[in-house]
Amino acid sequence: MTNTIDQPTRADATSRVERAGGAARVAAQRLAVLTRADKDAALHALADALLAATDRIVAANEADLARGRESGMAEGLQDRLRLDPERVAAIVEALRQLAGLPDPVGDIVRGSTLANGLQLRQIRVPMGVVGMIYEARPNVTVDAAGLGLKSGNAMILRGGSAAADTNRVIVGVLREALAQQGIPADAVQLLDGGHEDVNALITARGLVDLVIPRGSDRLIQAVVQGATVPVIETGVGNCHVYVDAAADLDQAVAIAVNSKTHRPSVCNAAESLLVHRDIADAVLPALYDALTSAGVVLHTDQRAGEIAGRHGTPYTPATEDDFGTEYLDLQLSVAVVDDLDAAIAHIGRYGSGHTEVIVTADRAAARQFVARVDAAVVAVNASSRFTDGGEFGFGAEIGISTQKLHARGPMGLQELTSTKWVVEGDGQVR
């Protein structure tokens, strides 16, 4: 009986993805020849349409949130899911910023003229059809559509069920606006099916050129392990703030608190605080006061716990799992480390390769940290919250890549392109 049910389901999913992929490839051919003026006008049209549809989007989002609350969705996930007029306005502004950025398509990466007169140019070109699989962040729907349009890629989106109503409204608005601009609506498509659709999308070689998963470690690993289509891995954010012996106390408090509490539900929030033993007794009480005042629950190793106990700060002893956890909440693991080497070793053991921060006035220590820490972004005396496409000036981001091939860190327009070589001659033969 199980096979009787499963086989048609898989076949239906494959058929849906094949139709979506075929339509996307046709749309991608049209996108590939659009001028920058065409793309920018379309981006402004998308922004206008979304702004006009704010009430519809927020109403759909409220329905998604209500379902989430009924099912016991964690507060951090609810924050990721939530859209209000201010957040819709921010999404719209990100599209307008994209319109103001240079178009990467056609850029010459390098070139030369050979001795035989052949002219070589390596130019940026769109990937083609990009599949995006993500969870309860409907802003990603707009970011992916906008970045795809500007970089000349057709996007097949599969958002999480938690944001189903919101994504349907958003994609409907986007498709209508594209059609009004004379651009194929199938440049942006939404898959509404379940896991069968995901499996069909990530194995659609020949129809889909690239898949980008964005969400929990479980989602990302399932895509990476099951895909036959090339994947760019956007990893989880188990980010650390290391307070070095030469750190400025005020900077250490400001950076640690901002990294943890500014928006704890996102991947660039700090999840672990490391403090050099020589400064621990002086700096941890101030850090504890600031963090607990912001509602942060502390999970400490033995030495950090002893200082918390003497200071009268509530804490719980950290487990091995605590140091490897992406909390996405107002929780923080804390450890006292012997030196810079110990901090780097701790990060190497527990970090996810996303963003790592050092607070120090010692330039030699900062250079060591930058050179030896293996992460997409390493920050010196700055909050982890700056790891973001918008903050980097990309207008928006498709995700933050923690892999090392093709793209690493916040992925903007250039990271959504490949290259091709153009060879121009005058009858030369070999």
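Every read-out reported here was derived from the displayed coordinates using simple, explicitly stated rules and does not represent laboratory data. The shown structure was predicted, so the numbers you read here are calculated from the model rather than taken from an experiment. Cβ sites come from the backbone with ideal geometry, for glycine too, and all protein chains shown count toward neighbours.
DSSP finds beta bridges in the chain, and of those with both partners inside it, around 30 percent are antiparallel.
Note that segment 329-430 carries a Kirkwood radius of 16.4 Å, evaluated over its alpha carbons pair by pair. Between 0 and 90 degrees, the angle of helix 363-372 with respect to the longest Cα principal axis of the chain falls at about 50 degrees. Residues whose amide H lies under 5 Å from that of L210, counting only those 5 or more places away or on a different chain, are V129, G131; hydrogens are built 1.01 Å from N in the peptide plane.
Neighbour counts of C-beta atoms inside 10 Å place S71, S216 in the sequence S71, S216, starting with the fewest. Dipole magnitude for the chain: computed about the Cα centre from +1 point charges on Lys and Arg Cβ and -1 point charges on Asp and Glu Cβ, it is near 1480 debye.
The lysines within cross-link reach of K39, meaning a Cα-to-Cα straight distance under 23 Å and a gap of 8 or more places when in the same chain, are K150, K420. Here the relative contact order of the chain, from alpha carbon pairs under 8 Å that lie six or more residues apart, stands at 18 percent. Look at the Cα gyration tensor of segment 239-386: its axes a ≥ b ≥ c give a/c under 1.5, and that counts as rounded. Neighbour counts of C-beta atoms inside 10 Å place D143, D186 in the sequence D186, D143, starting with the fewest. Computed from Cα atoms, the angle from the helix 277-293 axis to the main principal axis of the chain rounds to 70 degrees.
Just to verify a number: FRET efficiency for E62 and A37, C-beta to C-beta distance, R0 = 45 Å, to 0.05? The calculated FRET efficiency here is 0.75. Given +1 at the Cβ of Lys and Arg, -1 at the Cβ of Asp and Glu and no other charges, the dipole of segment 1-110 around its Cα centre is 440 debye to the nearest 20.
With volume of the Cα convex hull per residue in Å³ as the read-out, I listed (1) 143; (2) 198; (3) 178; which label goes with the value calculated from this structure? Only one listed value fits the structure, namely (3).
Can you tell me how segment 224-318 classifies by the Cα gyration tensor, rounded, prolate or oblate, using a/c under 1.5 as the rounded cut? Judged from the Cα gyration tensor, segment 224-318 comes out prolate (a/c at least 1.5, a/b above b/c). For the pair Q221 and R363, a Förster radius of 45 Å applied to the C-beta separation gives a FRET efficiency near 0.75, rounded to the nearest 0.05. Helix 2-31 and the longest principal axis of the C-alpha atoms of the chain enclose an angle of approximately 70°. Computed from backbone phi with θ = phi - 60° and the Karplus coefficients 6.51, -1.76 and 1.60, the 3J(HN,Hα) list for segment 35-45 is 7, 4, 4, 4, 5, 5, 4, 5, 4, 5, 5 Hz; x is used for glycine and proline.
In sequence order, segment 149-162 has phi-based couplings of 4, 5, 8, x, 10, 7, 10, 10, 9, 10, x, x, 5, 4 Hz under the Karplus curve 6.51 cos²θ - 1.76 cosθ + 1.60, θ = phi - 60°, and Gly or Pro positions carry x. Multiplying the residue separation of D48 and A282 by 0.36 nm and removing their Cα-Cα distance gives an extension gain of 79.0 nm. Rounded to 0.05, the FRET efficiency of the A74 and A254 pair, given R0 = 45 Å and the Cβ-Cβ distance, is 0.95. Among I307, I123, the order by Cβ neighbours within 10 angstrom, fewest to most, reads I123, I307. With contacts taken as Cα pairs under 8 Å and at least 6 residues apart, segment 239-386 reaches a relative contact order of 34 percent.
Distance between the C-alpha centers of segment 39-92 and segment 250-294? Whole Å please. The two parts, judged by their Cα centres, are 31 Å apart.
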